[in-house]
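Taking it in order: structure first as structure tokens, then the write-up.
Here, each number is a calculation from the coordinates, and none is a lab measurement. Note that the coordinates shown come from a computational prediction; the quantities given were computed from them, not determined experimentally. Cβ placement follows ideal geometry from the backbone for every residue including glycine, while neighbour counts extend to all protein chains displayed.
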Amino acid sequence: MPMPIIEPFRIKMVEPIRMTTRQERERILDQAGGNLFFVHSRDVLIDLLTDSGTSAMSAEQWAGMMRGDEAYACSQSYYSFRDTVRDIFGFKHVIPTHQGRAAERILFATMCDSGHVVPNNTHFDTTRANIEYRGAQAIDLPIPETLHPGKHHPFKGNLDTNGLRELITRVGARTIPLGMVTVTNNSGGGQPVSMANVSETRDILAQHSIPFYLDACRFAENAYFIKRREPGYAEKSVRDIAREMFSLADGCTMSAKKDGLANIGGFLCTNDDRLAQQERDLLILTEGFPTYGGLAGRDLEAIATGLQEVLHEDYLEYRIASIRYLGNGLLGADVPIVQPPGGHAVYIDARALLPHIPQNQYPGQALVIELFLEAGIRAVEIGSVMFGKKDRETGAEIPARLELVRLAVPRRVYTQSHIDYVLEAILSVARRRDRIRGVKIVEEAPFLRHFTAKFARCD
Ligand code: F0G
């Protein structure tokens, strides 16, 4: 019998979890207007809101924090950060930013204008918002399988390359300042993209001289899936696979809060000298001098070490196995999820679980609320609250294509018994699914409304 896959680390420091009663959670949720973004973290038992910035750092990373060189200009920590990024990502220019969306803002401010169109397999919400803020259009081109949560595909995060060709023909290459692929495809279910798909996308864009960028937040998890699932990669190291993937792109945006195993940070990379100059000029306006870009020297050290550690294959094996364990546990009890389970999260198909709740009563948000009330679990809706759009003429809401609830697992934070607790809680909610009611939005902001909206239960 093969040995079980264990957490490849020992725990050196612990953070207590405060237990709450259902009655307390009713009151907490009421005060938060039904929006889990407003619940204080001390009131959450298992926090699966995001895998972003929530990693436990290693002893080596903490040691790096002490070594951090806090010089304003040209600190040693910048060079260790830059050299690590260059070594793994291979790009010429490495521009630190305080997180991924700052890299996006600078990239699109430099490359995008009103009337432009930017394709991606699926834009993350901040990516989309930063493009739209420039007056440009963000187009999602996922493969058709992405729209069917129950369908299996080894690389369900792939971009629809025929759709890309059609888009270029329809709008013209000059309207497209860059094309992107997000690895892994977060909004599409945390699903990986194959090397063949990255390569084909690049070739199509290159034929039209359109630059190609990767949104690289979860590059290591994506590279690990390529090693396990794509023919010809089993014997290659994850680091070499990552390098190959980046060698196909002209640049990338990165949130170090995911596969940087850091609590804050990001960067923007490019091989283009002229663009890099413009980007650094913008960086100075709002982020900081180009050798720190909104980060402390100690953060740059933590990222440099985190980027090395995230490529350890025993870590990635454990990481992907723990997500699979949660996903398979739910599937085994007939809770519908996006299949197969992704790299950083399991996505419950709320529409399939709660078919009696119409999309305009937000089945995903209703489920998120129930999970908190049941067991103090904080998850996030990735459906019509996040991606619903208003029709410009009628003002009616156009629902999202999928109503998902994401259970994102922070890196190196929770053990298997925590995951067993989560499983038990979801199964208990699923058993009383018929009695769960939908919700309505009673307050919302014009951009990224899911962060601040307030909800009330439908009668
Ligand atoms: N791109 C992707 C694919 C992301 O998942 C995120 C963040 C970003 C860009 C922006 O990075 O947060 O550092 O500014 N995703 C987080 C999440 C927030 O919960 O999935 P950031």
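Given in Å, the Rg to one decimal and the Dmax to the nearest whole number for the Cα atoms of region 59-309 are 17.5, 54.
Computed over region 1-113, the percent of Cα pairs more than 19 Å apart is 71.
Positive-end ranking of Ile11, Leu45, Pro290 along the dipole of the chain, with charges on Cβ about the Cα centre, is headed by Leu45. Taken along its principal axes, the alpha carbon cloud of region 253-354 reaches lengths of 54, 32, 23 Å, longest axis first.
Length, then width, then depth: along the principal axes, the Cα atoms of the chain run 59, 57, 47 Å. Remark: the chain carries a charge dipole of roughly 600 debye about the Cα centre, counting +1 on each Lys and Arg Cβ and -1 on each Asp and Glu Cβ. Backbone phi angles across region 181-196, fed through the Karplus curve with coefficients 6.51, -1.76 and 1.60 (θ = phi - 60°), yield HN-Hα couplings of 9, 9, 10, 5, 7, 4, 5, x, x, x, 8, x, 10, 7, 5, 4 Hz in residue order; Gly and Pro are listed as x. The alpha-carbon positions of region 169-212 define a convex hull whose volume is 80 Å³ per residue. Pairs of Cα atoms nearer than 8 Å and 6+ residues apart set the relative contact order; for the chain it is 23 percent.
Taking the charge dipole of the chain about its Cα centre, with +1 at Lys and Arg Cβ atoms and -1 at Asp and Glu Cβ atoms, the residue from Val429, Ile131, Gly395 reaching farthest to the positive side is Val429.
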